[in-house]
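**Student:** The structure's right below; bear with me while I get my questions together.
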Amino acid sequence: MKTSFWIFVTLCLALTVFAAPSEKPKLVNWLDYTEALEKAKDSKKLVFVDLYADWCIPCRIMDANTYSDPTVASILNTRFISAKLDVDSQDTITCDGMRKTVQRCYFDVWKLSVLPAFVLIAPKGLSIMTIKDSFTAEEMKYLLYQILEKEKEWISK
């Protein structure tokens, strides 16, 4: 009886430690997609859209490690308008001037089929590029700096 009790206690402790990892604070000021598009028109900034799904493990890892990096968050907060978009959502949004569900934008307009994925959108609402991959904080910083080198050219699109 004592052995099974200690096994139970050990199991409970293990589940507590591994099942509920402590979340880092969210540093990126993520906006609703529609709100981000509106704000981009006024601010003349590019929109960085993080596409995710609740079931996407690499998306969760990026939330925990990449987007919690202070430099990545600072770049996204100051130089971009950042939005998160759940690809499983049936909400209707405007993508490249068309009203479609998020899912249809993901598949039909942005031609994506994997996660994590990102869409870069010009202030006028047209997509500039899609990116399909998981990034470390260092890789994301490099990507964002590369995008910013083309910012002036893309702002006018």
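**Student:** For the range 51-100, rounded, prolate or oblate, judged on the Cα gyration tensor with a ≥ b ≥ c (square roots of eigenvalues), a/c < 1.5 rounded, else prolate if a/b > b/c?
**Tutor:** Cα axes put the range 51-100 in the oblate bin.
**Student:** So if I place +1 on the C-beta of Lys and Arg and -1 on the C-beta of Asp and Glu, and nothing else carries charge, what would the dipole magnitude of the range 24-155 be about its Cα centre? I want it in debye, nearest 20.
**Tutor:** With Lys and Arg at +1 and Asp and Glu at -1, about 300 debye.
**Student:** Check cross-link reach from residue 150 to the lysines: straight Cα distance under 17 Å, and skip same-chain residues fewer than eight apart.
**Tutor:** 44, 45, 124, 141
**Student:** Counting other Cβ atoms within 10 Å, keep those with at most 16, restrict to DSSP loop, and tell me which GluC sites (Glu not before Pro) in the range 52-157 are left.
**Tutor:** none
**Student:** Convert each backbone phi in the range 92-103 into a coupling constant with the Karplus relation 6.51 cos²θ - 1.76 cosθ + 1.60 (shift: θ = phi - 60°), then list the ³J(HN,Hα) values in order as whole Hz, x for Gly and Pro.
**Tutor:** Each residue of the range 92-103 in turn: 8, 10, 9, 10, 6, x, 10, 8, 8, 6, 4, 4 Hz.
**Student:** When the Kirkwood hydrodynamic radius is evaluated over all pairs of different C-alpha atoms of the range 24-155, what value in angstrom, to one decimal, is obtained?
**Tutor:** After inverting the pairwise mean of 1/r, the radius is 14.6 Å.
FYI, it's all coordinate maths here, none of it is from the lab. The structure displayed is predicted, hence computed values, not measured ones. Glycine also receives a Cβ, built like all others from the backbone with ideal geometry; neighbour counts cover every protein chain displayed.
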